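Asks: Can you keep this structure in mind? I'll have questions shortly.
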Amino acid sequence: MIPTLTAFAQPPDRGRGLARDMPVRWALAEVGQPYRVRLLAFAAMKEPAHRALHPFGQIPTYEEGDLALFESGAIVLHLAERHPGLLPDDFNARARAIAWMFSAQSTMEPPIVERGMAILVEGDKPWHAERLPLLEDRVRARLGELSRHLAERDWLERGFSAGDLLLVTVLRRLNGSGLLEENPNLLAYVARGEARPAFRQAFAAQSAVFKAASAS
Ligand SMILES: N[C@@H](CCC(=O)N[C@@H](CSCc1ccc([N+](=O)[O-])cc1)C(=O)NCC(=O)O)C(=O)O
């Protein structure tokens with residue numbers, strides 16, 4: 001059965017692979033699962049038909065037969081449980097890889113998103129210049145802890161897992177910020193993820209939507 005993913009018809013990430021359909025596309029590519037995409041205009045995301053799939057009127061959603069899922073992390077976990085290649089078979093190693101999935105989205109992502117949103121929407125506020133360094137220091141603290149944990153390993157655990165997929169996805173939001181560059185092993189870790197054929201396939205598919213939307 002070919003699943004269907006929803007994504008932006010006009011991607012605001014301008015083809016940088018930052019919208020959250022990207023980790024789902026990447027996971028689908030890693031497990032070799034073909035998929036269809038339903039592209040949604042922003043207004044369509046807020047209509048009842050889509051809210052029946054996503055209570056918050058967002059993307060991505062994932063439909064497969066009678067199953068309708070939302071939350072990119074949950075969709076990646078669903079794929080990882082049904083296909084080999086994203087979670088180890090060993091029970092304890094699997095639990096640790098899932099712990100990293102949660103950590104990526106609930107420990108590492110919030111300060112990074114907070115910083116990104118401040119830059120995006122608070123730039124004209126009188127207190128922005130004072131607040132931004134505080135936000136960046138919170139990101140720096142987490143990056144330092146992660147950098148020390150990863151050390152010189154290729155991946156967080158014994159092999160590449162869905163935990164790495166979600167963490168690389170989150171860290172990519174710092175591309176160009178200079179913050180990743182302060183931790184060379186994290187910069188190399190993100191580049192290692194981006195060099196995976198499945199990432200490149202997913203990235204090409206995701207940015208093709210932006211290119212087509214820009215050309216129309
Ligand atoms: N926790 C949910 C969050 C989903 C989410 O934030 N979806 C966003 C798009 S991806 C978030 C995103 C948007 C834009 C960029 N960008 O770089 O431009 C990056 C990421 C959305 O639908 N937003 C519309 C709305 O909330 O009304 C998940 O992980 O699936």
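Asks: How do I59, I2 stack up against each other in accessible area, from largest to smallest, with a 1.4 angstrom probe? Don't skip to the answer; put the middle values down first.
Replies: Numbers: I59 20, I2 70 Å².
Sorted by accessible area, descending: I2, I59.
Asks: Please calculate the 1.4 Å probe accessible area of V170, with all protein chains present, and give it to the nearest 10 Å².
Replies: Using a 1.4 Å probe on the heavy atoms, I get roughly 0 Å².
Asks: Using a 1.4 Å probe and counting only protein heavy atoms, arrange Y35, Y62 so the residue with the most accessible area comes first. Kindly include the intermediate steps, with their values, before the conclusion.
Replies: Working: Y35 55, Y62 5 Å².
From most exposed to least exposed: Y35, Y62.
Asks: Separate question: Using only the Cα atoms of the chain, build the gyration tensor, take square roots of its eigenvalues as a ≥ b ≥ c, and label the shape rounded, prolate or oblate: rounded if a/c is under 1.5, else prolate if a/b is larger than b/c, else oblate.
Replies: oblate
Asks: Now, a different point. Any chance you could look up the accessible area of R16 with a 1.4 Å probe, heavy atoms only, rounded to 10 Å²?
Replies: Estimated to the nearest 10 Å², R16 gives 130 Å².
Asks: Next question, about the same structure. How would D66, D154 rank on accessible area, largest to smallest, probe 1.4 Å?
Replies: Solvent-accessible surface, decreasing: D66, D154.
Asks: Quick one: Cα centre-to-centre distance for the range 142-216 and the range 1-41, in angstrom?
Replies: Here the answer is 16 Å between Cα centres.
Asks: Between L180, L120, L171, which gets the highest mean-square fluctuation from a Gaussian network model of the chain, Cα cutoff 10 Å?
Replies: Looking only at L180, L120, L171, the largest GNM fluctuation is found for L120.
Asks: With springs only between Cα atoms under 10 Å apart, run a GNM on the chain and tell me which of F91, F203, F102 wobbles the most.
Replies: Fluctuation is largest for F91.
Asks: Here's another thing I want to ask about it. Determine how large the accessible area of S72 is when every protein chain is in place; take a 1.4 Å probe and give Å² rounded to the nearest 10.
Replies: 10 Å²
Asks: Counting each DSSP H run of 4 or more residues in the chain as -39500 (n - 2.57), what helix-only mean residue ellipticity at 222 nm follows after dividing by all residues, to the nearest 500 deg cm²/dmol?
Replies: Working: 10 runs with 118 residues, N = 216.
Rounded to the nearest 500, the figure is -17000 deg cm²/dmol.
The values are calculated or read from the model by the stated rules, or taken from the named source; none is laboratory data. Only a predicted model underlies this, so the values are computations on that prediction, with no experimental measurement involved. Protein only, heavy atoms only, side chains kept; ligands, DNA and RNA dropped before computing areas. Shrake-Rupley method; radii C 1.70, N 1.55, O 1.52, S 1.80 Å.
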